[in-house]
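Heads up: the structure comes next, in structure tokens.
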Amino acid sequence: RSSDLIDPRNEERLLEARIWSRWRFDAHPAEQTPRLWATLVGIQVPLFESKHKKGWGHIDLLGIDNDNAPVVVELKKGNSTEVPLRPVLEAVSYAIALQTNWERFGEKLRDQVSKVRPKFTPCSVDAPFRSVVLAPSLYWQQWAPNGKHGRAVSDDSWRAFSDLVKALGERGYPVTFGCVNDLSTEVC
């Protein structure tokens, strides 16, 4: 959907549209290559049975890395009060769903991307399926341990969160946290 058709009050969808238009696989290459993905291949990718819309929902942005493995991007708006655990669990659950259905999904992805990149071959099903939680700096400032929302989180909870992220990575679902603004994306 073009950004002029998006409700201007929906900060997350507007940000999503700007990110998509800048790094999508069939657009002119951006001057800056993000370290969070090689290119984006989908926006609002449905994870439900299309006929009845039963199932999970949508992946905000779907990227691929340099090995053609998927990168599930969960986007949060700057003033979101959602605890960072929620987008981590959402993104990783989407990555697990993709991996479980990778044979079928990878085939559709190959058909779509090969229109622009004829030699595109999706990764194997046993590759790491990465996730990125992406948000403007305001979100990360508020959820920092000394930030507006982060102060309410105990040290034990922060350690448990860190242990969870580490364990997910060890099981093939690495999680990266990224900061985005209108000009760039970066690991934070």
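The values are calculated or read from the model by the stated rules, or taken from the named source; none is laboratory data. Predicted model, so just to flag it, every value in this text is computed and none were measured. Counting neighbours? That spans all protein chains shown, and the Cβs are built from the backbone with ideal geometry, glycine included. All accessible areas refer to the heavy atoms of the entire protein, side chains included, with ligands and DNA or RNA removed. Shrake-Rupley method; radii C 1.70, N 1.55, O 1.52, S 1.80 Å.
Taking only protein heavy atoms and a 1.4 Å probe, the accessible area of the range 35-115 is 46% carbon and sulfur.
With the highest mean first, a sort of the peptides 36-43, 167-174, 12-19 on other beta-carbon atoms found within 10 angstrom per residue produces 36-43, 12-19, 167-174. Taking a sphere under 10 Å around the Cβ of Gly63 and counting the other residues whose Cβ falls inside, with K and R at +1 and D and E at -1, yields a net charge of +1.
Relative to the compact-globule estimate of 2.2 N^0.38 Å, the Cα radius of gyration of the range 82-132 comes out at 1.34. Taking a label point 7 Å from the Cα of Leu89 along the Cα→Cβ vector, which residues of the range 109-145 have an amide N closer than 18 Å to it? The answer is 131-134. Filter Lys76/Lys108; Lys76/Lys166; Lys77/Lys166 down to the pairs with a C-alpha to C-alpha distance above 32 Å, please. Violating the 32 Å Cα-Cα cut-off are zero pairs. Computing FRET efficiency as 1/(1 + (r/R0)^6) for Arg110 and Arg171, where r is the C-beta to C-beta distance and R0 is 22 Å, gives about 0.30.
Would you mind working out the accessible area per residue for the range 55-188, using a 1.4 Å probe, and quoting it in Å²?
Numbers: 7120 Å² over 134 residues.
In whole numbers, the range 55-188 has 53 Å² accessible per residue.
Please report the relative contact order for the range 32-163, taking Cα pairs under 8 Å with a sequence separation of at least 6, and give it as a percent rounded to a whole number.
Details: 184 pairs, mean separation 31.0, N = 132.
Once normalised by length, the contact order is 24 percent.
For the range 35-188, the ratio of Cα radius of gyration to the globular rule of thumb 2.2 N^0.38 Å stands at 1.08.
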